[in-house]
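These notes concern the structure reproduced below.
The values are calculated or read from the model by the stated rules, or taken from the named source; none is laboratory data. Since the structure is predicted, the reported quantities are computational estimates derived from the model, not experimental observations. Cβ coordinates were reconstructed from backbone atoms using ideal geometry, including for glycine residues, and neighbour counts include every protein chain displayed.
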Amino acid sequence: MKLATIRTGDTTTAARLIDDDRAVKLRAEDVGELLRCGSFDEGEEFTFAKEDLAPVIPRPGKIICVGLNYAKHIAEMGHERPDVPALFIKYPEALIGPYDDAEVPGFNADTLDFEGELAVIIGARARHVNEADAADYIAGYAVINDYTQRHYQKRTQQWHQGKSLEKTAGFGPWLDTEWQPCPALTTTLNGEVMQHAPTDDLVFTPAKLVEFISHLYPLEPGDVIATGTPDGVGHARDPKRYLRDGDTVRVEIEGLGAIENTTRVV
């Protein structure tokens, strides 16, 4: 089942997708509320355009991001393979819809980078969960771009300030409740392949991340874990390839869908 948050005039609705432009309304304003209330009562069928898709969870209680979780990306960034996940936080204000523009003020626009990632969405309260049971707490998966301002990220030992620019991180296009990790993630920049890797080639799997994080603090329905990016980011290239005004980044995960966001320097 594919669940989406769709803009309808001045508000949004959670919806079950029928196909690429038809959906059935669910009795919640967004998928986050749907997961929290647990009611999947259906309403009327309606049509939508892809531009109507909002961030699948517009305001997660927590967005926990994992750094250095693909072996080749760890190597290209010059780090040792970690023994435990490296975590940082992204705020909901960073999220945009799967086909929205990423709007960046000129004073923040000098070292912008893409990071295509698999997102795990929590479906039930998880506290002190074992890895073997973690799947019971995962509602499904989506695609996210951990859009990054590298200068801000690198100027301190804490990555957060470079990882949470307002209105930059495409998230969606929907939550898929049946997809299972293993197919490939591909990120393109203006149609050129930048990243390509299997999503099961993670140092810390979604199940392991749920176990680890839930032993730090509870995970709640609608919380999001961005599982890390493969090698090929612009910052690690020679010469470096940062995003410029008008550049379009597409992140696609086989069988899960794609997001496509164009950077606009405003």
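Tell me the residue from 29, 44 that is free of Cβ contacts under 8 Å to residues at least 40 places away in the same chain, in contact with a strand residue (DSSP E or B) (Cβ under 9 Å, 6 or more places away or on another chain), outside the structural domain of residue 146 (by TED's automatic domain parsing) and not in a loop (DSSP other than H, G, I, E, B), please. Spell out the reasoning first.
Values: 29 fails: not in a loop (DSSP other than H, G, I, E, B).
That would be 44, the only listed residue that is free of Cβ contacts under 8 Å to residues at least 40 places away in the same chain, in contact with a strand residue (DSSP E or B) (Cβ under 9 Å, 6 or more places away or on another chain), outside the structural domain of residue 146 (by TED's automatic domain parsing) and not in a loop (DSSP other than H, G, I, E, B).
Which ones in region 157-195 are farther than 26 Å from residue 126 by Cβ and in contact with a helix residue (DSSP H, G or I) (Cβ under 9 Å, 6 or more places away or on another chain)? Step through it out loud before you land on a result.
Taking region 157-195 as the starting set, the residues that turn out to be farther than 26 Å from residue 126 by Cβ are 157, 161-162, 165-168, 184, 186-195.
Once the filter is applied, which keeps residues that are farther than 26 Å from residue 126 by Cβ and in contact with a helix residue (DSSP H, G or I) (Cβ under 9 Å, 6 or more places away or on another chain), region 157-195 yields 161, 162, 165, 166, 167, 168, 189, 194, 195.
Could you check residue 180 against (1) within 17 Å of residue 138 (Cβ to Cβ); (2) touching a residue at least 12 places away in the same chain (Cβ under 8 Å) and say which number it fails?
Of everything listed in (1) within 17 Å of residue 138 (Cβ to Cβ); (2) touching a residue at least 12 places away in the same chain (Cβ under 8 Å), residue 180 misses just condition (2).
Within region 146-153, identify whether any single residue is free of Cβ contacts under 8 Å to residues at least 24 places away in the same chain, buried (at least 18 other Cβ atoms within 10 Å of the Cβ) and closer than 30 Å to residue 248 by Cα, and answer yes or no. Lay out the reasoning, then the answer.
To start, the set of residues in region 146-153 that are free of Cβ contacts under 8 Å to residues at least 24 places away in the same chain comprises 153.
After this cut, where a residue has to be buried (at least 18 other Cβ atoms within 10 Å of the Cβ) as well, the list is 153.
Still in the running and closer than 30 Å to residue 248 by Cα: 153.
Yes, that holds for at least one residue.
Please state which one of 49, 4 is of a type in the set (A, V, I, L, M, F, W, C) and free of Cβ contacts under 8 Å to residues at least 40 places away in the same chain.
Numbers: 4 fails: free of Cβ contacts under 8 Å to residues at least 40 places away in the same chain.
From the options 49, 4, the qualifying one is 49.
Go over the candidates 164, 214 one by one and state the one that is in contact (Cβ under 8 Å) with a residue 60 or more places away in the chain, surrounded by 24 or more Cβ atoms within 10 Å (Cβ to Cβ) and not basic (Lys, Arg). Full working, then the answer.
Details: 214 fails: surrounded by 24 or more Cβ atoms within 10 Å (Cβ to Cβ).
That would be 164, the only listed residue that is in contact (Cβ under 8 Å) with a residue 60 or more places away in the chain, surrounded by 24 or more Cβ atoms within 10 Å (Cβ to Cβ) and not basic (Lys, Arg).
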